[in-house]
Amino acid sequence: MTVEQISVFVENRQGKLVEVLETLSANNIDLRALCIADTADFGILRLIVNKPEEAVRVLQQAECATSVTQVLAVSLDDTPGSLARVLRILADAAISVEYLYAFVAHGKDKAYVILRVEDNEKAAAVLTKKGISFADSKDIYTM
Amino acid sequence: MRQYFQPEIECAAPEEIIKLQSERLVDTVRRVYDTVPYYRKKMDEKGVTPDDIKSREDLHKLPFLTKDDLREAYPYGLLAAPLADCVRIHSTSGTTGKRVVAFYTQHDIDLWDDCCARALVAAGATTEDVVHVAYGYGLFTGGMGINGGAHRVGCLTLPMSSGNTERQIQFMCDLGSTILCCTPSYAEYLAETIEEMGLRDEIKLKAGIFGAEAWSEEMRGRLQEKLGIQAYDIYGLTEIIGPGVSFECSEQAGMHVNEDHFIPEIINPETGEVLPDGEKGELVFTCISKDAFPLLRYRTRDICVLTRGECGCGRTLVKMAKPMGRSDDMLIIRGVNVFPSQIETVLIGCGFSGNYQIVVDRVHHTDTLEVLVELNPEMFTDTVKQIEARERDLREKLKNMLGISAKVTLKAPKSIARSEGKAVRIIDKRKI
């Protein structure tokens, strides 16, 4: 239902983002999905990776500010209207979405949406009741 | 446990100290007038002769000395003892301009050792202690000054000097250092590294004596907590002697000035007028017992306050507050006086690291103030709004403290260079 998302503080300067990604690649960590929230001075890089614990360890060793958040990983058919349906359910239940990002898996006709909400359990309960399914962390990490 | 190193001085009746100061002042003024042409010329210009100085009451009649005098007289112009009697020199770190050299005879070194020994004993040092000196050794007075004091007390002294942090920590663990002496910024760096290495339980420190740069009460709190110590301030400057001009006692509320050797005054930095105890102004010192480099009425540029009255520790020596800034560190931004220590207080109060930089610039004829501060890893979360709320809170508190607004730029943890000596906190890019 939830997966571990790693967030990394990245100063808004040339070469900073690549340093983080090179740290991961040097440790053979594979990215599953990512998104960046940016402000004028800094960005927050959010990552889903195949080996979250190891990623956190190597990032902290490299003195990056990191935090780990449990986020919902919704599994959808890759067809028009699937995501809209999910968001409608949440909106009707008065659950706000902090942010989301999506990715598709190779050859599975599936799309995955990473959802960050205030209360994972509440959102999951509402969605499950309406027949929405979730990817479990193992699916995502080993994808 | 021994409470004082020299109780006959540290706890003397104030009138005894004044009597001693008067005798020593009269002798010193006479001697420098007779032997040092530079002093003679300055006194003649002001129309003062040694006969005018009959007691400490007459101190205000003497001309001031400033760093400019030291530069002008460089290197031997203020030397008041035969060079053959001198055994050492020290030199300022040169952070504020050209180097200044100070000379010491063996007598000067001995009295300096006493001053540092008083500071160490006030911090609880006994012959059982292992004093870990991580101030730089060399021209800088920090290392050798404290080293001398620790020998005088009879402590086992580790002359670590600065740098090589892992070795510092290894010695600290292996040899059981109990008193750490270094700059407060380096102490913080050591504390962080000890924490990272998971060695907090391996260290046996009980006290720290931190000086040579400005630090705040908030920083004291953090150092005490992180290292499990009592943290004491120590004050000094090379021109006067080095560390140990004044030192903190168990009360941790102001530093006792070693008044038997150095007479402090507070003056209005604009007019030079002497201000009464309790008023804020520039600190001025007169050396009354040194042979080689007995500066008279030397303007330190440190802004602070003197307070008299018996201290809870039993010492009667006058106390000086932690300097609130330096008159030459003081930034005038859009006409407002800003001291880096004020900014530090706000940063630490908001939970940020004490590692910061202040960048002042002038854009379209208006001064700009930017505060770069490292994000504390614990503050970091996955959402922008929480970090922006921190930033906003900091901006508001800075504005309340300073009276002008500052741009806040968050930096990654440990991205601002840490120094093992004096931290470079201020970058003034204005070309005025």
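The values are calculated or read from the model by the stated rules, or taken from the named source; none is laboratory data. The structure displayed is predicted, hence computed values, not measured ones. Please note: Cβ atoms are built from the backbone with ideal geometry, for glycine as well, and neighbour counts cover all protein chains shown.
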Legend entry - Test for B:ASP129: is it within 22 Å of B:VAL245 (Cβ to Cβ) and among the charged types (D, E, K, R): no
Inset, instruction - Kindly establish whether B:GLN230 is surrounded by fewer than 21 Cβ atoms within 10 Å (Cβ to Cβ), free of Cβ contacts under 8 Å to residues at least 40 places away in the same chain and of a type outside the set (Gly, Ala, Ser). - result: no
Inset, instruction - Could you check, for segment B:110-129, whether at least one of its residues is more than 21 Å from B:CYS249 (Cβ to Cβ), in the same structural domain as B:ARG31 (by TED's automatic domain parsing) and surrounded by 17 or more Cβ atoms within 10 Å (Cβ to Cβ)? - result: no
Legend entry - B:TYR137, sole failed condition from (1) under 18 Å from B:ILE234 (Cβ atoms); (2) surrounded by fewer than 20 Cβ atoms within 10 Å (Cβ to Cβ); (3) in contact (Cβ under 8 Å) with a residue 60 or more places away in the chain: (3)
Legend entry - Candidate set: segment B:281-339, residues that are among the polar types (S, T, N, Q), in contact with a strand residue (DSSP E or B) (Cβ under 7 Å, 6 or more places away or on another chain) and in contact (Cβ under 8 Å) with a residue 60 or more places away in the chain; chosen: the one nearest to B:GLU265 (Cα to Cα): B:THR286
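Would segment B:211-220 turn up any residue that is assigned by TED's automatic domain parsing to the domain that holds B:ALA123, in contact with a Phe, Trp or Tyr (Cβ under 8 Å, 6 or more places away or on another chain) and under 15 Å from B:THR183 (Cα atoms)?
Within segment B:211-220, one or more residues are assigned by TED's automatic domain parsing to the domain that holds B:ALA123, in contact with a Phe, Trp or Tyr (Cβ under 8 Å, 6 or more places away or on another chain) and under 15 Å from B:THR183 (Cα atoms).
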Inset, instruction - Look at segment A:56-75 and say how many of its residues are within 14 Å of chain B (Cβ to nearest Cβ) and without any contact (Cβ under 8 Å) to a residue 60 or more places away in the chain. - result: 9
Legend entry - Tally of residues being surrounded by 13 or more Cβ atoms within 10 Å (Cβ to Cβ) and more than 14 Å from chain B (Cβ to nearest Cβ) across segment A:109-121: 4
Legend entry - Single unsatisfied condition, A:VAL97 versus (1) hydrophobic (A, V, I, L, M, F, W, C); (2) within 14 Å of chain B (Cβ to nearest Cβ); (3) under 30 Å from B:LEU372 (Cα atoms): (3)
Inset, instruction - Tally the residues that are crowded, with 16+ Cβ neighbours inside 10 Å and more than 21 Å from B:CYS249 (Cβ to Cβ), restricting the search to segment B:19-52. - result: 16
Inset, instruction - Return yes or no: is B:GLY211 crowded, with 24+ Cβ neighbours inside 10 Å and at pLDDT below 95? - result: yes
Inset, instruction - Give the residues of segment B:379-398 that are acidic (Asp, Glu) and within 9 Å of another protein chain (Cβ to nearest Cβ), sorted by residue number. - result: B:ASP382, B:GLU388, B:GLU391
Legend entry - Search result, residues across segment A:32-56 that are over 23 Å from A:ALA73 (Cα atoms) and surrounded by fewer than 19 Cβ atoms within 10 Å (Cβ to Cβ): A:THR39, A:ALA40, A:ASP41
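Quick one: would you say A:GLY81 is loosely packed, with under 15 Cβ neighbours inside 10 Å, at positive phi and assigned by TED's automatic domain parsing to the domain that holds A:ASP136?
Yes; evaluated as a whole, the condition is true for this residue.
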Legend entry - Filtered residue count, segment B:399-417, keeping only those that are away from every other protein chain (no Cβ under 12 Å) and not basic (Lys, Arg): 8
Inset, instruction - Check segment B:95-103 and report whether any residue there is at pLDDT 95 or above and buried (at least 17 other Cβ atoms within 10 Å of the Cβ). - result: yes
Legend entry - Members of segment B:278-325 that are aromatic (Phe, Trp, Tyr), in a strand (DSSP E or B) and more than 30 Å from B:GLN3 (Cα to Cα): B:TYR298
Inset, instruction - Kindly check whether there is at least one residue in segment B:247-255 that is surrounded by fewer than 24 Cβ atoms within 10 Å (Cβ to Cβ), free of Cβ contacts under 8 Å to residues at least 60 places away in the same chain and either touching a Ser or Thr at 6+ places or on another chain (Cβ under 8 Å) or under 16 Å from B:ASP114 (Cβ atoms) (or both). - result: no
Inset, instruction - Determine whether segment B:54-70 contains at least one residue that is closer than 30 Å to B:PHE140 by Cα, of a type in the set (Lys, Arg) and either touching a Gly at 6+ places or on another chain (Cβ under 6 Å) or surrounded by fewer than 19 Cβ atoms within 10 Å (Cβ to Cβ) (or both). - result: yes
Legend entry - Residue under evaluation A:ASN28, criteria (1) in a loop (DSSP other than H, G, I, E, B); (2) within 12 Å of chain B (Cβ to nearest Cβ), criterion not met: (2)
Inset, instruction - State whether the residues of segment B:340-354 include one that is under 30 Å from B:GLN252 (Cα atoms), away from every other protein chain (no Cβ under 13 Å), out of contact with any helix residue (DSSP H, G or I) (no Cβ under 8 Å at 6 or more places or on another chain) and polar (S, T, N, Q). - result: yes
Inset, instruction - Could you list, in sequence order, all residues of segment A:4-25 that are farther than 16 Å from A:THR66 by Cα and either more than 11 Å from chain B (Cβ to nearest Cβ) or touching a Ser or Thr at 6+ places or on another chain (Cβ under 7 Å) (or both)? - result: A:GLN14, A:GLY15, A:SER25
Inset, instruction - Those residues that are of a type in the set (A, V, I, L, M, F, W, C), closer than 24 Å to A:CYS35 by Cα and either at pLDDT below 90 or assigned to a helix (DSSP H, G or I) (or both), I need them from segment B:381-422; list them, please. - result: B:VAL384, B:ILE387, B:ALA389, B:ALA412
